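Participant: Dumping the structure here so I can ask a few things about it.
Each reported figure results from applying straightforward, stated rules to the coordinates on display, with no laboratory input. On a predicted model such as this, the values are computed, not experimentally measured, just so you know. For neighbour counting, all protein chains shown are included, and Cβ atoms are generated from backbone atoms with ideal geometry for every residue, glycine included.
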Amino acid sequence: MDYVWELGALCAIYVIAAVSLNLLQGTMGVMTIAQAAFLAIGGYSTAILTTRHITTFVPSIFVGVGISAVVAILLAWPVLSLSGFIYTIASFAVMLTVTSLSTSWTSLTNGSYGIPGIPQLSVGGVTLSSTASSAVTYLVLAVLITLGFARITRSHWGIAMRGMRESVAAARSLGKPVVGITFGGYVLSAAAASLAGSLYAAFTGYLDPTVFTVTTAFLLVAMVVIGGRGNVWAVAAGSLVISLLPNLLPLVTPLSASIVGPATQVLYGVILVACLLLRPLGLVPERSLRVRPNVLQGSLSAPRSFSGRVRLLGGATAVRAPDPVGQRDAAQVSAAGADRASESGAAPARHAVAAGKQSAAAPTLAASSDSTMPALKVMSLSKQYGGVRALSDVSFTLETAVITGLLGANGAGKSTLLGIISGFIEPNAGSIELFGKDITHVSPTARARAGVVRTFQELRLFEGLTTLENVVVGVPGVGRIRTGLGLPRSVLRTAADLLEQLDLMRLANTRVQAISYGDRKLVAVARALATGARLLLVDEPFSGLTDREIERLCAIFRSTVSSGATLLLIDHNAQAVTSFVDHLLVMDHGSLIAEGSPEKVTSDPAVIEAYFGRQVEEADG
Amino acid sequence: MSRPAALRAEGLHARYGPLQVLHSVSLRVDQGELVALVGPNAAGKTTLLRCIAGFVKQSAGKLELDGVPLTARTARRIQLGMGYVPEGGRAFADLSVAENLALGGYLLSSKREIEASRDWVVSVFPVLGGRMPQLAGTLSGGERQMLAIGRCLMLRPKVLLLDEPSVGLAPKAAEVLLETIYRLSKDEGIAMLVVEQRLRSIFSVASRAYVLSRGRVAGEIDNPDPNQLPPDLSEIFLGTSGGEPSAG
Amino acid sequence: MGVIPNLLVSGVGLGAILGLLAFGFALSYWPSRQFHFAYAGVVVAASYTYWSLTIHGISWIIGLVVTLIVSAVLGVACYALVYRRLTDSGAVFLSGFALSLILSNAIQWGFGSVPSLVQPPFASLGNVVEVGGLRIPILVIVELVIFLVVAGAISIAIYRSRLGVAVRGVSSDPDLAQAAGINSNRLLIIVYAVGSMVAAIGAILLAYQSGISPNDGFNPMLFAINGMLVGGRRSFSGGAAGGFGLGVILQLSLWKLPSAWQTTTAFVVLVIIVLVRPQGVFGRKVEA
């Protein structure tokens, strides 16, 4: 019977470790083979501290967690800047380093002799002396931790993580604090794994370098992959089964003890390969947020207790979606956000903010913006790539609440301009002012929070997420710790409102990878609108849409602008743009060649010249 | 006309998923002819070339290469004499110019044939001759474009589809390039279908031009005059006729 | 004479083995961009195949040939049956690990886990050669010669032959290669086969050097990958050189560091290179 309890305790430890990795690998999409390193840190911290009588069990857990947290931050740092594959190799190297350190650092870890005599878990004088009591405690802990991680995955934070997993650039463009989310998730995952390691050390009473190795790390990865990436309960169940396997085999088959080990590994290997070939996302799919449409509809009509009916579009002042923190605090929130963003701006992230540049003072968010000030002022922007001038001295102004179109052929510089205004590309010269505040060197994330949000030509939707979830990620506050641990109803309301307006409600619970191209474009716009941005940069909105979809889109653009937002539509499809916008800009070969009303611009000879090519030159060879 | 057209399409339709991108496109290019394919952006010009080259499935219609029908299932069209130079002048950046050309001629059976083809390509683009050992990744934009065309020429195609060959080039270089391919088409009898944005430049070398708009052939211009653009072109390109596009 | 020259000599020996393993890995990695993690299993399978044949009196030449064939078959099987069907590179990585696990544990199942020694066929020639006071093991000379010959010959083929240009074309731009009519699938089968055979040679030399054991595959493979990544992006001979250099460095590091820190050193070097200069020492940073 003791044997069963022993099994139970070990399984509980595996469950905790697997669930911790699930957050990192399944939910956040970080493919890492270093999770067992945190187990080792936790295990050795407990082993060393308790056998040398430096501290008791509980403080040793905290030490382990602390060290793991530091390591986690070091490992989280390159996640956003390294390609996923190189990161995996690097994590592999880290894992091996930790294992070999535990062998070589003999003064600390006793090397390959290991550390015997680790005392049992004791909390405040009460010691778990029997296997049964340990097992029960561990199992309860496992359940609690699993519940905790499940809650995190379902919360707004979890949705933001999953969005980031699908597209970091899109998350940045929506103003999500990608660095903070990455660090936070990594530390949490490491802490839980460290705890699992400490529990293991206390339970078995002995630790040596062969316990937490690369094979362990791979096993954990396998548990996440087989169980079902992202699905906490499936991973927990899967890890339970997998950790029971080596112990069940001898009962079922007449294999001798010496070959049970290798036979089990062969079995693991075969199962893993089969799983990867047949069900690459795991046995059980990730759970999406599913809200019944009538609940969503209901949320639209229910009156709110503190600020009246929430309408994102329409209502002159509330152009910015109210986040749960409240409008009054919006300025503080954005200032803090911009500060954090300026730290993240110095991180080796993909946007081009040069190291050492100070971020601009955070643009404050007055609820009523000054309507006489232009929304955007671009001055003498230039950008050069090697010998190619992508932008030459571009200057223009966007007035508030006006729809402006930007036309130009391929290679005219539209994408470069869009990248610079949204913060994804650093200009060589020139400056940008948003409602009078200089934002030239502000990171794209901070810029998005200040009110400049862009869409992408390739859409960059969060593919594995539903339509509703995609739009939810856009809502301000989603992904920020301040928003608490759940999913506020106000967030759902904001998202539902937009779905309603774009006639996407019927697709709310459908994964976006399964919906039509036209609807996907609308989802991309809805996601951007959810941010409540004051300046919306829309990249190629009309290509590939049917006329009816174009009408729907134009209607919502008009609606957005009538409530105070400013719109810049960038497209190379002149026909659609000229008939819709109030104001038109035309670019050619990196320069702005015309500006004015659509009628004036399209009859400008310079524009016609640009479209049809210059006169054949008289010059000779 | 006893010779079949080098390239002929009749009633070609193509779709991307549920979206119809080409509607009943018909065109022909004869041996030794250089025909321009122009139109506003998003009209479907690249899609049309890709469909002819076999990278986009035709959902309906007929396609013939030198009289030989090409069905949706005909793969390896380069072996039948169809050359396709996509936009952007992509090259094997790690390999030298000579090696790039060698790969262009990968399907040729003997080393002698490869060398002969290579010599011919160098005669068409002498600039490449001086850059044989140079890594393709270090070439200028114009040189890379020539290399891309040269790679296609290694297999001595009968039909050459070119997607915006002059994009990114300075006006003078663009003129030279278009002149070169014009002479190539005349001297070697290659049928060429060239998508271009620089109307005046392409009109000065093309014998005919098809205007594509919203996936349909909106017009055909015989002997296009670079100095006198047809008036309705402005409307097609810039949509200055005003009003919302009619429901399609 | 001092410790360093001796370390250098043993470094050359280790470098030759790692260089071969790195080269073999690079042969399949750059063209396919897939991490052939089952390589470790192939290495173990190769060494055990050779050993189990020669220990029963079969001549080393036949042993070598059979081992080469077995390794090639295993490598190609991994690609054709598993890797080729997976779309996600993470899945390929994991499946490779699983395959290694299966191979090495199946061997452990069959042969037990006790390490064994393998006698090289030239053992009768004696152990060392004296050159100017320095004792050079014959094994090291053999290792160096084989490394230079094998890596050299295949490199020449890659840089001169038509097939070699095609391999480099696929490494550079797989889509463009496909459009040019190159049959990537056939090409990949060839590189996986050749790469596995090179690995087999390295495995046999390693077996002469330090014996065999079923769990022996991971560390050499990781050092080899380490060397390859350090050596250079999309550079096959760079990979070989990187592996060789790493072997020398590892042995030289013993001058100051205790042997237990060797693994750590190697991986610290990798982490640094990967983070600081991802295109490797010899690689070119060319526009993709």
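Participant: Shape verdict for segment A:175-252, please, from the Cα gyration tensor: rounded (a/c under 1.5), prolate (a/b greater than b/c) or oblate.
Facilitator: Taking the square roots of the gyration eigenvalues as a ≥ b ≥ c, segment A:175-252 is oblate.
Participant: Same structure again: Calculate the mean, over all residues of peptide B:197-208, of how many other protein chain Cβ atoms lie within 10 angstrom of the residue's Cβ.
Facilitator: 3
Participant: Then there is this: So for B:220, B:164, A:595, fewest C-beta neighbours within 10 Å to most, what's the order?
Facilitator: Exposure proxy ranking, most exposed first: B:220, A:595, B:164.
Participant: A further question follows. Roughly how many Å is it from the Cα centre of segment B:14-84 to that of segment C:123-155, as a whole number?
Facilitator: Centre-to-centre distance over Cα atoms comes out at 61 Å.
Participant: So which aspartates and glutamates can residue A:437 reach, going by Cα to Cα under 14 Å and dropping same-chain residues fewer than 8 places off?
Facilitator: A:370
Participant: Can you figure out the FRET efficiency of residue B:109 with residue B:13, using R₀ = 51 Å and their beta-carbon distance, to the nearest 0.05?
Facilitator: Taking R0 as 51 Å, the efficiency between residue B:109 and residue B:13 is 0.85.
Participant: Assuming R0 = 60 Å, what is the FRET efficiency of residue A:105 and residue B:216, from their Cβ-Cβ distance, to the nearest 0.05?
Facilitator: That pair, residue A:105 with residue B:216, gives E of 0.25.
Participant: If the elastic network links every pair of Cα atoms under 10 Å, which of C:63, C:217, C:90 fluctuates the most in the Gaussian network model of chain C?
Facilitator: Between C:63, C:217, C:90, it is C:90 that shows the largest mean-square fluctuation.
Participant: While we're looking at this one, here's another question. Can you give the three extents of the C-alpha atoms in chain B along their principal axes, from longest to shortest, in whole Å?
Facilitator: 57, 40, 38
Participant: Can you work out ³J(HN,Hα) from phi for every residue in segment A:422-428, in order, using Karplus 6.51 cos²θ - 1.76 cosθ + 1.60 and θ = phi - 60°, giving whole Hz and x for Gly and Pro?
Facilitator: Running phi through 6.51 cos²θ - 1.76 cosθ + 1.60 with θ = phi - 60° gives 7, x, 7, 10, 9, x, 7 Hz.
Participant: Could you list the residues of segment A:193-227 with an amide nitrogen less than 18 Å from a label point located 7 Å from the Cα of residue A:244 in the Cα-to-C-beta direction?
Facilitator: Hits in segment A:193-227 for residue A:244 at 18 Å: A:223-224, A:226-227.
Participant: Further, regarding this structure: Rounded to the nearest 5, what is the percent of antiparallel bridges among the DSSP beta bridges in the protein assembly as shown?
Facilitator: Percentage antiparallel, nearest 5: 60.
Participant: Using a Gaussian network for chain C with springs between C-alpha atoms less than 10 Å apart, which of these wobbles most: C:110, C:96, C:227?
Facilitator: Of the options given, C:110 has the highest mean-square fluctuation.
Participant: Please list 3J(HN,Hα) in residue order for segment A:96-113, calculated via the Karplus relation 6.51 cos²θ - 1.76 cosθ + 1.60 where θ = phi - 60°; whole Hz, with x for glycine and proline.
Facilitator: Each residue of segment A:96-113 in turn: 5, 4, 4, 4, 6, 5, 5, 7, 7, 7, 5, 5, 8, 10, 6, x, 6, 6 Hz.
Participant: Sticking with this one: What distance in nm separates the two pseudo spin-label positions at residue A:112 and residue A:372, each 7 Å out from Cα along the beta-carbon direction?
Facilitator: 8.2
Participant: Roughly how big is segment C:169-284's charge dipole about its Cα centre, with Cβ charges of +1 (Lys, Arg) and -1 (Asp, Glu), in debye to the nearest 20?
Facilitator: 240
Participant: For a test of the definition: using alpha carbon positions, the gyration tensor, and the 1.5 limit on a/c, classify the protein assembly as shown as rounded, prolate or oblate.
Facilitator: Oblate shape, in that a/c is at least 1.5 and b/c is the bigger or equal ratio.
Participant: Also: So how much slack lies between residue A:609 and residue A:7, counting 0.36 nm per residue of separation and subtracting their Cα-Cα distance, in nm?
Facilitator: That works out to 208.8 nm of additional length.
Participant: Sticking with this one: Which residue fluctuates most in the GNM of chain C (Cα springs below 10 Å): C:82, C:170, C:248?
Facilitator: Ranking C:82, C:170, C:248 by mean-square fluctuation puts C:82 first.
Participant: On a full-extension model of 0.36 nm per residue, what is the gain between residue A:547 and residue A:206, subtracting their alpha-carbon distance, rounded to one decimal in nm?
Facilitator: That works out to 115.7 nm of additional length.
Participant: Report the convex hull volume per residue for segment B:91-156, counting only C-alpha atoms, in Å³.
Facilitator: Normalising the Cα hull of segment B:91-156 by residue number yields 68 Å³.
Participant: Segment A:2-212: D in µm²/s via Stokes-Einstein (Kirkwood Rh, Cα pairs, 4 °C, 1.567 mPa s)?
Facilitator: The Stokes-Einstein estimate is 74 µm²/s.
Participant: Where does the charge balance sit around residue B:167 when Lys and Arg score +1, Asp and Glu -1, over other residues with C-beta under 12 Å from its C-beta?
Facilitator: The answer is -2.
Participant: Moving to a separate point now. For peptide A:269-279, how many partner chain Cβ atoms fall within 10 Å of a residue's Cβ, on average?
Facilitator: Mean inter-chain Cβ contacts per residue within 10 Å come to 6.
Participant: Highest mean first, how do A:104-114, A:181-191 rank when packing is the count of other Cβ atoms within 10 Å averaged over residues?
Facilitator: Descending mean neighbour count gives A:181-191, A:104-114.
Participant: Counting only other residues whose beta carbon sits under 13 Å from that of residue B:36, what net charge do I get with K and R as +1, D and E as -1?
Facilitator: Combined, the nearby Lys, Arg, Asp and Glu give -3.
Participant: Which value in nm describes the separation of the simple spin-label points at residue A:600 and residue A:410, placed 7 Å from the Cα toward the beta carbon?
Facilitator: 3.2
Participant: While we're here: Let me know the mean shielding of A:563-575 by other chains, meaning the per-residue number of their Cβ atoms within 10 Å of its Cβ.
Facilitator: 3
Participant: Could you give the semi-axes, largest first, of the ellipsoid that matches segment A:1-53, computed as the square roots of 5 times the alpha carbon gyration tensor eigenvalues and rounded to whole Å?
Facilitator: In descending order, the three semi-axes are 24, 19, 6 Å.
Participant: Please work out whether segment C:1-99 counts as rounded, prolate or oblate from its C-alpha gyration tensor, where a ≥ b ≥ c are the square roots of the eigenvalues and a/c under 1.5 means rounded, while otherwise a/b larger than b/c means prolate and anything else oblate?
Facilitator: oblate
Participant: With N set to the number of residues, divide the alpha-carbon radius of gyration of segment C:3-276 by 2.2 N^0.38 Å and report two decimals.
Facilitator: Rounded to two decimals, the normalised Rg is 0.99.
Participant: Strictly over 32 Å apart at the Cα level, which of A:521/A:600; A:600/B:172; A:176/B:45; A:176/A:383; A:383/B:45 would you flag in this model?
Facilitator: Violating the 32 Å limit, Cα to Cα: A:176/B:45.
Participant: Principal axis extents for segment A:99-243, Cα atoms only, whole Å, descending order, please.
Facilitator: The Cα atoms of segment A:99-243 stretch 53, 35, 31 Å along the principal axes, largest first.
Participant: Rounding to the nearest 20 debye, state how big the charge dipole of segment A:2-212 is about its Cα centre with +1 on each Lys and Arg Cβ and -1 on each Asp and Glu Cβ.
Facilitator: That gives segment A:2-212 a dipole magnitude of about 660 debye.
Participant: Give the residue from B:201, B:212, B:191 lying farthest towards the positive end of the charge dipole for segment B:172-217; charges sit on Cβ (+1 for Lys and Arg, -1 for Asp and Glu) and the dipole is referred to the Cα centre.
Facilitator: Value computed over the given set: B:212.
Participant: For the pair residue A:283/residue B:62, report the inter-label distance in nm, with labels modelled 7 Å from Cα in the Cβ direction.
Facilitator: 5.8
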